[in-house]
Structures are given as structure tokens and as C-alpha cells.
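The values are calculated or read from the model by the stated rules, or taken from the named source; none is laboratory data. All of these numbers come straight from a predicted model, not from anything done at the bench. In this analysis, Cβ positions are derived from the backbone assuming ideal geometry, glycine residues included, and neighbour counts consider all displayed protein chains.
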Amino acid sequence: MRDEDRLEILKKDLQMLTSSNDEYLEILLKQSKAAIAREGIDLDIGIEGDMAVIQYAAYLFRKRAGQDTSMPRYLRLQLNNLKISQKGKGRTK
């Protein structure tokens, strides 16, 4: 998926209609990708990797405005499942 597509999906997830936050959201997508890769997860797996990056970026955006800053359980489970699946296939570091 192209970076522009990830940005559009992230904006839809956050229910944003304008492009006023695009620069910030692009940085969050890059930060998300780096954070997930640091956990040893290969993101070149198609839609699952793309959606993990998008959902992580949405979490980063929402946590700055909320009081609960812990990672949502669904996201942690998704990342764990990706890592375990890839480890079983010999794809992680």
C-alpha cells in the first residue's frame, strides 16, 4: 500500500475531513512503522502490516488527547499475533 493510501485510511479512522493535520499524521505513520519494526515485526506482509501501522498511528494520535495512554488491548494482541505468526514462519529477527 502506498503512503498516501495509508494516510487516507488513517484520516478516515480518525474521522478527519480536512488535510490540516496531514504533516503530523504522516510523521505518526513513520513513527508507528519504526516502533513496530523495532519489535521485530516484518511489515512487508500486505494488508495486515499496513493496518497495524495505521492503527498504531491512530492510537498515538488519540493518546495525546486522552487520559488513558496505555496501548489498546486489540492493538497489542494484533502485534503479538503478527510477531508469533512470523516467528513460526521464520520471518522475524
- Message: Every residue in segment 69-93 that is in contact with a helix residue (DSSP H, G or I) (Cβ under 9 Å, 6 or more places away or on another chain) and assigned to a loop (DSSP other than H, G, I, E, B), please.
- Response: T69, S70, M71, P72, R91, T92
- Item | Flag if D44 is free of Cβ contacts under 8 Å to residues at least 60 places away in the same chain, among the acidic types (D, E) and assigned to a loop (DSSP other than H, G, I, E, B) | yes
- Query: Within segment 32-70, how many residues turn out to be of a type outside the set (K, R) and under 26 Å from K89 (Cα atoms)?
  - Reply: 23
- Message: I'd like to verify a number: residues in segment 7-18 that are in contact with a Lys or Arg (Cβ under 9 Å, 6 or more places away or on another chain) and either modelled with pLDDT of 95 or more or surrounded by 13 or more Cβ atoms within 10 Å (Cβ to Cβ) (or both), how many?
- Response: 1
- Query: If you check A34, A65, which single one turns out to be exposed (fewer than 15 other Cβ atoms within 10 Å of the Cβ) and modelled with pLDDT of 95 or more?
  - Reply: A34
- Query: Quick one: how many residues across segment 1-55 are among the polar types (S, T, N, Q) and at positive phi?
  - Reply: 1
- Query: Any idea which of (1) farther than 21 Å from P72 by Cβ; (2) modelled with pLDDT under 95; (3) assigned to a helix (DSSP H, G or I) is the one E23 doesn't satisfy?
  - Reply: (2)
- Can you tell me which residue in segment 52-82 is nearest to E26 (Cα to Cα), limited to those that are in contact (Cβ under 8 Å) with a residue 12 or more places away in the chain and in contact with a Ser or Thr (Cβ under 6 Å, 6 or more places away or on another chain)? A57
